1. May I ask for the net charge around LEU18, where only other residues with Cβ less than 13 Å from the Cβ of LEU18 are counted and Lys, Arg are +1 while Asp, Glu are -1?
2. Can you compute 3J(HN,Hα) from phi for each residue in region 79-89, using the Karplus curve 6.51 cos²θ - 1.76 cosθ + 1.60 with θ = phi - 60°, rounded to whole Hz and x for Gly and Pro?
3. Stretched out fully, how many nm does the piece from VAL146 to THR60 gain, at 0.36 nm a residue minus the Cα gap?
4. Only Cα pairs under 8 Å and at least 6 apart count here; give the relative contact order of region 136-180 as a rounded whole percent.
5. Of ILE75, LEU28, GLY65, which is farthest towards the positive pole of region 1-95's charge dipole, taken about the Cα centre with +1 and -1 on the beta-carbons of Lys, Arg and Asp, Glu respectively?
6. Please work out how much length the chain gains when fully extended from MET85 to SER120, using 0.36 nm per residue of separation minus the C-alpha to C-alpha distance, in nm with one decimal.
7. Could you list which residues have their amide H under 5 Å from that of PHE86, counting only those 5 or more apart in sequence or on another chain, with H placed in the peptide plane?
8. Taking Cα atoms, how many degrees apart are the long axis of helix 43-52 and the longest axis of the chain, rounded to 10 and kept between 0 and 90?
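Read-outs: derived from the displayed coordinates by stated rules, not from any lab. As the structure is a computational prediction, the values presented were derived from the model and not from experiment. Note that each Cβ is placed from the backbone with ideal geometry, even for glycine, and that neighbours are counted across all protein chains shown.
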Amino acid sequence: MNTLTAEKRDLKTKAKKLRKEGYVIGNLFGRDIENSIPLKVDSREAAKFLKDNKKGAHITLLVDGENVDAIVKEIDYNAMKNETMFINFQALVADEKIHTTAAIELLNEDAVQNGIVEQSLSEIEYKAFPADIVEKVEIDLTQYNVGDMIHVKDLPLAAKISLVTPEDTLVVNIAEPEAVPEDEDEEAAEE
């Protein structure tokens, strides 16, 4: 599990000033935290961290010397400025299911012979206990053929968690390539 270091921040200092000083702001919240805890993270450390961790990542958050088991709940990124604006974290409690997401990653797309892989869904939403959290769902396409469809209910993790994304939602369709009529083929060759 990855670790990110954060410091408690003073709410009297404006977020704009903290960003100019090289920080990303954020909050830590959870069932056992009465009010959310405002945080600041060094922007260089945050950038390194976000290369390998996305929304839904299960991490250890080191806040002023104390380890907190948490997930990355929300990331706000400003593409115009090429900077992360804030990151929110949810502290985990062993006996509490949380609502989170997992990215869907396709493996071995080139193994699909004579078919076109169409991915309809890039992440799923679900609820799970901290011990059952997954950050990504990998689908190995080596066992699939043209005409096959993969739905959320077909994913291996569906048995361990409570799905929020509807079970009948299409994740991947392996379509047959469109045939080009012969006369169009000949016309294209003549041009």
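1. Net local charge, LEU18 excluded: +4.
2. 5, 5, 8, 6, 8, 7, 7, 7, 9, 9, 10
3. So the extension gain works out to 26.7 nm.
4. Contact order relative to length: 47 percent.
5. ILE75
6. 9.7 nm
7. Under 5 Å from the amide H of PHE86: ASP76.
8. Around 40 degrees separate the two axes.
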